[in-house]
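Report on the following structure.
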Amino acid sequence: MHYLLCYELAEEYLERRSRFRAEHLALAWAAYERGELLQAGAVGDPVDSAVLFFQGESPEPAERFARKDPYVRHGLVRRWCVRPWHTVVGADAASPTRPEEAG
C-alpha cells in the first residue's frame, strides 16, 4: 500500500529551514534506506507544501516520520496528514490495473 504524507508549510518555511534541514534530510534518508520512503520534496513556486511518498502495510511509518520531523516539531509545518494513495498505474503500483481489467 502507498501513503502520502502531505505538509502545509508555514509562510516563513524557506527562511527558517536551514537550521533544521540536515536533521530533516537525515530522517528522510534513513526512512528511504529502510524502504519506507520512496520520494519526497517541496511543491510550489513559491514553496507552500511538501509531499512525501511512503509504502508499507500501514500509515504508521509516515505518521512516525511526521512526529519526529524537526520541521513539524519546530513549526515549519502548519498542518500535516497521511492519506492512503491507491496507485494503479506504473511499475511500482500497489494494485496495477490494466484497461481490460477495469469494470
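Values in this text are rule-based calculations from the coordinates and carry no lab data. Since we're looking at a predicted model, the values are computed, not measured. In this analysis, Cβ positions are derived from the backbone assuming ideal geometry, glycine residues included, and neighbour counts consider all displayed protein chains.
General remarks:
- Relative to its residue count, the chain spans a Cα convex hull of 111 Å³ per residue.
- Charging the Cβ of each Asp and Glu at -1 and of each Lys and Arg at +1, and nothing else, the dipole of the chain about its Cα centre rounds to 420 debye.
- Between the listed residues Pro96, Trp29, Leu52, the Cα displaced farthest toward the positive end of the dipole of the chain, a dipole computed from Cβ unit charges relative to the Cα centre, is found at Trp29.
- Computed [θ] at 222 nm, deg cm²/dmol, the chain (DSSP H ≥ 4; -39,500 (n - 2.57); rounded to nearest 500): -7500 deg cm²/dmol
- Under-5 Å amide H pairs with Ser49, H placed in peptide plane, nonlocal only: Leu9, Val43
- Each residue in Ser58, Ser18 was given a count of other beta-carbon atoms within 10 angstrom of its own, and listing them fewest first yields Ser18, Ser58.
- Here His74, His86 are placed in order of increasing Cβ neighbour count within 10 Å, fewest first, which gives His86, His74.
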